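The values are calculated or read from the model by the stated rules, or taken from the named source; none is laboratory data. Note that the structure is predicted; figures quoted are calculated from it, not measured. FYI the Cβ positions are ideal-geometry reconstructions off the backbone, even for glycines, and counts take in every protein chain you see. Each accessible area value is taken on the protein alone, full model and side chains, heavy atoms only, with ligands, DNA and RNA left out. Shrake-Rupley method; radii C 1.70, N 1.55, O 1.52, S 1.80 Å.
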Amino acid sequence: MQGSSGKKVENQDRRTFFKLAGLVAAGGVVGLHSACHPTEKAPVIDTALSEKSFWKRVQAQFALDPEQVYMNIGTTGAMPIGVIDNYDRYNRVVARHPMGFTDELGWEFGLVKQREKLGRQFGCTKDEIAFTRNTTDGLNTVLFGLPFEKNDEILMTHHEHVSALSPLQVLKDRFGVVLREVEIPVLDLENGDQVVEAFKENITKKSRALLFSHIPYKTGVRLPARALCKLARENGLISIIDGAHSAGMVELDFRAIGCDFYTASGHKWQCGPGATGILYLRNHGDRLPLLWPQNSCLYPYVSQPVKNDRLKINDFSSQFGLRGQENYPAMQAMLDACDLWEEIGRDRIEGYVCGLSSYLKRSIKQSFGNSTPLFSPDIPELTSGLTSFNPFKDVHDQKKIEDFVDRLKREMGYVIRSTEFHLHKEDTKSTYALRISTHLFHDHAQVDGVVDAMHRLYERMR
Ligand SMILES: Cc1ncc(COP(=O)(O)O)c(C=O)c1O
């Protein structure tokens, strides 16, 4: 009985969800564009009508309020309609059979098949990837699992998120770990080597780990992850990447990046449900001194601290992903969003998102003038879907920026957010910026619209 109904649900899912199958085939005719290489004239998607209609159909997959233009994916994304429908269906099956839903939906303990699929999409094996609640969850698992001791140094940029800073501060206060903030260039950033050099200068004999956001949320610059991980390996450091803003925005291959840990959100750019994420651990942790399981309900009966051969007893996911009763529907729905991204093409999404972002950056410069500080560079390898800038004379005026964000939403219908940071590590005053997210459900007309709306509001508020 359950077997046959399970099949029914699966087939129905495929039919309902993969509405994009035909679309992707049509899109394939015009081919993929290379990631983040905007042309001087216009983004590549403007060159062919079929590209335009392809993205129009992608955009029709979302249920966003048409009365507003939502441009704050950096905080959280929006589920596609097919993902919502599936999520709803999974929840209904769980509600009907609270104990038997796993059979009915064909899910097994540890979601092995699902992790295999995730591994294929993110460049790793099923035993190197775990489902988590979000990026914060992954960061806590890693930072509290590693055996840091008094005077061990952890290097990080001066633009990290509180999700990393909070566990790091606990390590400092509890164990005497030393936190070394590395200043990364902002306005004078021209290439990734400058960032690598800044980290290199701060490595000492006591350095143990290097932590950075692949895309720091404050400015939206994309940091040179591969080169930083290479630097970490060359110096015997553990590399930990906060990937809150990369999964679902840019194509990721964890093995190729060469990090030890990568923690990412499923609910932001990947557009899965809330409280979903992934955590990657390289090569079964064989480079690590030790890694303690965190909150695992199987310790010490099944799981053990990870140290070389001991990890092989169990897979990483069982040891680090388990937190008691799981939200299987949410995890599966996130995977459905991942499958949709695969269908569209992750390189194609990256090209589109970064192309749109580059168009936004150039439009801001055109509208507000070349001297307007853009905190996220329009340089292909350093670009992401986040753009931050401040059009006002006084970049330290917090109230002005916050009022601007508020009025842009209330009066113009564009939802963005503000960020606060120190341009230079030693600054005593914060700099404030407007941060705009552009994603696959946006188009050039919306980018023109937000720039125009921001400019009109700026004229009223300057
Ligand atoms: C850089 C960065 N790291 C971590 C987080 C936290 O993400 P999550 O809510 O998925 O844990 C955020 C949230 O915006 C972020 O910007």
- Item | Lone unmet requirement of (1) open to solvent by 30 Å² or more (accessible area, probe 1.4 Å); (2) at pLDDT 95 or above for V302 | (2)
- Query: What single numbered condition from (1) farther than 23 Å from V58 by Cβ; (2) surrounded by fewer than 22 Cβ atoms within 10 Å (Cβ to Cβ) fails to hold for D339?
  - Reply: (1)
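On the given criteria, is D397 acidic (D, E) and free of Cβ contacts under 8 Å to residues at least 24 places away in the same chain? Explain how you work it out, then say what you get.
Numbers: acidic (D, E): yes; free of Cβ contacts under 8 Å to residues at least 24 places away in the same chain: no.
In short, no.
In this structure, does K218 turn out to be under 28 Å from I416 (Cα atoms) and either within 18 Å of the chain's Cα centre (by Cα) or part of a helix (DSSP H, G or I) (or both)? Write out each step before concluding.
Values: under 28 Å from I416 (Cα atoms): yes; either within 18 Å of the chain's Cα centre (by Cα) or part of a helix (DSSP H, G or I) (or both): yes.
The answer is yes for K218.
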- Are any of the residues in region 112-124 over 22 Å from the mean Cα position of the chain (by Cα) and not basic (K, R)? yes
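Has region 219-229 got any residue that is within 16 Å of the ligand (Cβ to nearest atom), open to solvent by 20 Å² or more (accessible area, probe 1.4 Å) and at negative phi?
Looking through region 219-229, at least one residue is within 16 Å of the ligand (Cβ to nearest atom), open to solvent by 20 Å² or more (accessible area, probe 1.4 Å) and at negative phi.
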- Take region 243-260 and flag every residue that is open to solvent by less than 10 Å² (accessible area, probe 1.4 Å) and either in contact with an Asp or Glu (Cβ under 9 Å, 6 or more places away or on another chain) or part of a helix (DSSP H, G or I) (or both). M249, V250, F254
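A quick yes/no check of all residues on (1) over 22 Å from Y458 (Cα atoms); (2) of a type in the set (A, V, I, L, M, F, W, C); (3) in a loop (DSSP other than H, G, I, E, B):
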position: D339; (1), (2), (3): yes, no, no
position: E343; (1), (2), (3): yes, no, no
position: E350; (1), (2), (3): yes, no, no
position: L360; (1), (2), (3): no, yes, no
position: K365; (1), (2), (3): no, no, no
position: T372; (1), (2), (3): no, no, yes
- Members of region 88-127 that are without any contact (Cβ under 8 Å) to a residue 24 or more places away in the chain and of a type in the set (A, V, I, L, M): A95, M99, V112
- Message: Could you go through region 88-101 and let me know if any residue there is open to solvent by 20 Å² or more (accessible area, probe 1.4 Å), out of contact with any strand residue (DSSP E or B) (no Cβ under 8 Å at 6 or more places or on another chain), under 19 Å from F316 (Cβ atoms) and not polar (S, T, N, Q).
- Response: no
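Please list, ordered by residue number, the helices (runs of 4 or more DSSP H) wholly in region 87-174 having 2 or more residues that are away from the ligand (no atom under 16 Å from the Cβ) and farther than 24 Å from I257 by Cα.
Values: elements: 101-105, 112-122, 135-145.
Once the helices (runs of 4 or more DSSP H) in region 87-174 are filtered for at least 2 residues that are away from the ligand (no atom under 16 Å from the Cβ) and farther than 24 Å from I257 by Cα, what remains is 101-105.
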- Message: Quick check on L210: is it within 16 Å of the ligand (Cβ to nearest atom) and either within 13 Å of the chain's Cα centre (by Cα) or assigned to a loop (DSSP other than H, G, I, E, B) (or both)?
- Response: no
- Message: Tell me the residue from G106, G145 that is at pLDDT below 95, open to solvent by 20 Å² or more (accessible area, probe 1.4 Å) and out of contact with any Ser or Thr (no Cβ under 6 Å at 6 or more places or on another chain), please.
- Response: G106
- Can you find a residue in region 448-457 that is outside any loop (DSSP other than H, G, I, E, B), modelled with pLDDT of 95 or more and over 23 Å from C354 (Cα atoms)? yes
